[in-house]
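Notes follow the structure.
Throughout, read-outs are computed from the coordinates displayed, never taken from laboratory work. Fair warning: this is a prediction, and the values are worked out from it, not measured in the lab. Every residue, glycine among them, receives a Cβ derived from its backbone with ideal geometry; neighbour counts consider all protein chains shown.
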Amino acid sequence: MAEPGVFERIDIAEEAIRRRGGSAEAAVVLGSGLGDFADKLTDPSVIPYGDVPHWPASTVIGHSGRLVIGRVGRKRVAALAGRVHAYEGRDFSDIVFATRVMGRLGAKQLILTNAAGGVNTGFTSGGLMVIDDHINLQGANPLVGENDERLGPRFPDMTEVYSKRLRRIADEAAAAAGVPVTHGVYAALLGPSYETPAEIRYLRAIGADAVGMSTVPEAIAARHMGLEVLGISCISNMAAGVLPEPLNHADVLETTHRVRGAFMALLEGIIERL
């Protein structure tokens with residue numbers, strides 16, 4: 001039997017999830033160390049990624065690898081605790097597979113979160129940044145190849161990748177929860193090595209405020225499908241050369257653990273306002 005195509009694999013995964021957890025009105029992708037939000041959902045259905053046909057599993061520490069569908073207030077939400085990255089050797093169609101399944105599952109809004117390095121010297125470790133725009137420096141695009149019109153148009157517009165409406169809602173939720181947020185531009189690089197100080201100076205010069213290794217492919221695929229997108233970065237460390245100290249993933253996880261209360265309060269407030 002021939003291997004099913006991309007669209008067919010998405011539909012097979014969607015059907016399996018519907019049987020276990022139903023549909024979702026919104027979806028949240030939880031980045032490194034931020035997966036605790038999935039435990040806040042009420043009436044949850046917990047589905048390990050390994051139980052969903054064709055679903056790629058993450059190998060990164062800090063990504064638990066489970067899909068939780070439940071409620072935040074009256075909103076039906078799918079929380080993805082973990083994602084895959086290009087630096088794991090994954091094809092970009094794998095990286096955006098979950099995003100496309102969420103769109104087929106009925107999600108109208110996608111909230112993408114990540115742990116990022118602070119390029120803007122005005123930032124501090126532990127701060128939260130609403131993404132206003134991005135710079136794709138990963139060397140690829142998830143839409144390269146034959147286009148399936150069932151997913152979206154051949155040449156999707158990217159004038160407003162991150163919804164102005166959702167960014168305004170994020171600001172309102174932050175003010176109500178007493179959680180300070182900044183805004184900025186997120187640059188996505190391939191990884192897995194952290195950037196050099198020279199690369200960080202370059203990123204600052206071209207307008208980046210934060211840098212990471214995820215989010216951008218998912219945002220592109222979501223906009224291709226017509227979903228509204230919101231991005232939030234936890235500034236887990238200052239990028240290379242900003243402070244006179246080396247970088248390591250353990251510090252990233254420690255920082256995201258420290259700010260998880262404020263982060264979860266912000267997410268809850270956003271979802272309640274959707």
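From the list [x] 36; [y] 47; [z] 29, can you say which value of percent of Cα pairs over 28 Å apart was derived from the structure given?
Matching entry in [x] 36; [y] 47; [z] 29: [z].
Between Thr59 and Ala175, what length comes free when the chain is fully extended (0.36 nm per residue of separation minus the Cα-Cα distance, one decimal in nm)?
On the way: separation 116, 0.36 × 116 = 41.76 nm, distance 3.57 nm.
Additional length available on full extension: 38.2 nm.
Hey, with R₀ at 25 Å, roughly what FRET efficiency would Arg201 and Asn141 work out to, going by the Cβ-Cβ distance, to 0.05? Don't jump to the answer; show the numbers that get you there.
Numbers: r = 26 Å, r/R0 = 1.02.
FRET efficiency, Arg201 to Asn141: 0.45.
Give, as a single signed number, the net charge of other residues whose beta carbon lies under 11 Å from the beta carbon of Asp148, with Lys and Arg counted +1 and Asp and Glu -1. Intermediate values should be presented prior to the final figure.
On the way: positive: Arg100, Arg150, Arg154; negative: Glu8, Glu146, Glu149.
Here the count lands on 0.
Once R0 is set to 45 Å, what does the formula 1/(1 + (r/R0)^6) return for the Cβ-Cβ distance between Arg18 and Glu254, expressed as a FRET efficiency to the nearest 0.05? Can you show the working numbers first?
Values: r = 37 Å, r/R0 = 0.83.
FRET efficiency, Arg18 to Glu254: 0.75.
If you filter segment 68-119 for trypsin sites (Lys or Arg not before Pro), then keep DSSP loop positions with at most 12 other Cβ within 10 Å, what is left? Can you show the working numbers first?
Values: sites: Arg71, Arg74, Lys75, Arg76, Arg83, Arg90, Arg100, Arg104, Lys108; in loops: Arg74, Arg83, Arg90, Lys108.
Passing sites in segment 68-119 are Arg74.
So how many Å³ per residue does the convex hull of the Cα atoms of segment 1-74 work out to? Don't skip to the end; give the middle numbers.
On the way: hull volume 7.6 nm³, N = 74.
Here the figure is 103 Å³ per residue.
Please work out the C-alpha center-to-center distance from segment 203-226 to segment 23-37 and express it in whole Å.
Taking the Cα centre of each part, segment 203-226 and segment 23-37 sit 17 Å apart.
As a test of the formula, what do you get for the chain when each DSSP H run with n ≥ 4 contributes -39,500 (n - 2.57) and the sum is divided by the residue count, at 222 nm and rounded to the nearest 500 deg cm²/dmol? Could you put the intermediate results ahead of the total?
Values: 8 runs with 85 residues, N = 274.
One gets -9500 deg cm²/dmol as the mean residue ellipticity at 222 nm.
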